[in-house]
Amino acid sequence: MTSGADERKGPLSGIRVIDWTVFEFGPVSTMMLADLGAEVIKVEGIQHPDRSGEDAMPDNDGGGDPFNRGGSFNQRNRGKRSVTLDLSREEGRQTFKELVRISDIVVENYTPRVMRRWEMEYSNLKEIKPDIIMVSNTGYGHGNGPY
């Protein structure tokens, strides 16, 4: 368990989760962890932020802050902290690794090739923090197929 100044209450208080997910499963599952008191840190890639698409422009009106107005994004990510990292750069990968060092759980839902490309598979994260828990749920499976 991590310690810190976070004053969250609930059965998961004191647990820190890295949410490196997009679409439904990941953001909703980590939203539930936040609802139960975990400190959840939402990591978005700079090239593909989770705030993009129609959801970022409610009523087709971007207003002054279109990327923070999406209803479903805000619902799925309530109670979370947020950081944007450029994982194509060494600085971004090092920052992610620092987050792993101080966290308890990593949740991701990318294709396996993404995790291999960034060298962020479970075996590598375990070298950074031996007791890390990783949830990997890709819609493409973890086999050796074309997708």
Scanning region 135-147 for residues that are at negative phi and open to solvent by less than 40 Å² (accessible area, probe 1.4 Å) gives T138
Is it the case that some residue within region 120-132 is open to solvent by 50 Å² or more (accessible area, probe 1.4 Å), in a loop (DSSP other than H, G, I, E, B) and within 27 Å of G37 (Cβ to Cβ)? yes
By residue number, the members of region 55-108 that are open to solvent by less than 30 Å² (accessible area, probe 1.4 Å), modelled with pLDDT of 90 or more and in a loop (DSSP other than H, G, I, E, B) are S103, D104
A careful count of residues in region 127-136 that are farther than 14 Å from I18 by Cβ and not acidic (D, E) gives 1
Of the residues in region 109-119, those that are more than 15 Å from H142 (Cβ to Cβ) and surrounded by 15 or more Cβ atoms within 10 Å (Cβ to Cβ) number 1
All-but-one check, P112 against (1) within 14 Å of I18 (Cα to Cα); (2) modelled with pLDDT under 90, failing number (1)
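The values are calculated or read from the model by the stated rules, or taken from the named source; none is laboratory data. Computed from a predicted model, the values in this text were never measured in an experiment. So basically every Cβ, Gly included, is an ideal-geometry build from the backbone, and we count neighbours across all protein chains shown. Note: areas computed on protein heavy atoms with side chains; ligands, DNA, RNA excluded. Shrake-Rupley method; radii C 1.70, N 1.55, O 1.52, S 1.80 Å.
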